[in-house]
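Below is one structure, written out as structure tokens; the observations come after it.
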Amino acid sequence: MPESVDRDVYPEPPRQTPAPNRQSSLPDPVPLVASIFLYAIDKPVTAFHDWMEKQREKRRIHYYHREFRRVPDLTHCLEEDYVCHYEANKQWKRDHLVDQEIVKIIRERVAACRTREGESADQNCAPLLKQYAEVCKAYKARYEDLGYYGGARKCLMKQKERMMEERKAAAAQGKAEAE
């Protein structure tokens, strides 16, 4: 590193900035255009926007989620009432989505409990595991063999078949006990 700095190669900057030398006596148009824009366009638009926001605040609508009215089950629909069948199917699909979310939430709670408790998770998370097993069993009983195109009608038929099997099993058990 050199001991002294070469002043010809690295000159020092001037100590004071010189005042700008105006070539024209006309005023600068930029502040004039900016103030015209401010008062002619920006202020009225801002005032209108603020007024509209105050009007909206008086009757604010909260969009948390859409609430659907409950419609009759497929068992309450008449045979040729296609609108009722359609609404019942849509209601079944919404219920299916709700049941999926319930299973998902319980699964997340079980995973969080297992992470939190570590090695003693089986003992400390037993109520959650029991609840998860019940929820999964109920979900499987209702939706397991329906497939992708399952709907209210398929679910009702599956439920009817399950009830018939339970009645047959109860009748067979009653006969076995009577003998």
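Bear in mind that the values in this text are calculations on the coordinates, not laboratory data. Quantities reported herein were computed from a predicted structural model and do not represent experimental measurements. Note that each Cβ is placed from the backbone with ideal geometry, even for glycine, and that neighbours are counted across all protein chains shown.
Tabulated values for the structure
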| item | result |
| --- | --- |
| Residues of the range 133-162 with amide N under 19 Å of a point placed 7 Å along Cα→Cβ from Ile105 | 133-140 |
| FRET E, pair Val33, Glu57, Förster distance 35 Å, beta-carbon r, rounded to 0.05 | 0.50 |
| Degrees, to the nearest 10: 43-58 long Cα axis against longest axis of the chain | 20 |
| Estimated FRET transfer efficiency (Asp50, Val9; beta-carbon r; R0 35 Å; 0.05) | 0.05 |
| Under DSSP loop assignment and at most 15 Cβ neighbours within 10 Å, longest chymotrypsin sites (Phe, Trp or Tyr not before Pro)-free interval of the chain | 69-147 |
| Per-pair calculated FRET efficiency, R0 = 45 Å: Lys93 and Arg116 via Cβ, rounded to 0.05 | 0.80 |
| Fully extended contour minus Cα-Cα distance, from Glu79 to Glu67, at 0.36 nm per residue | 1.6 nm |
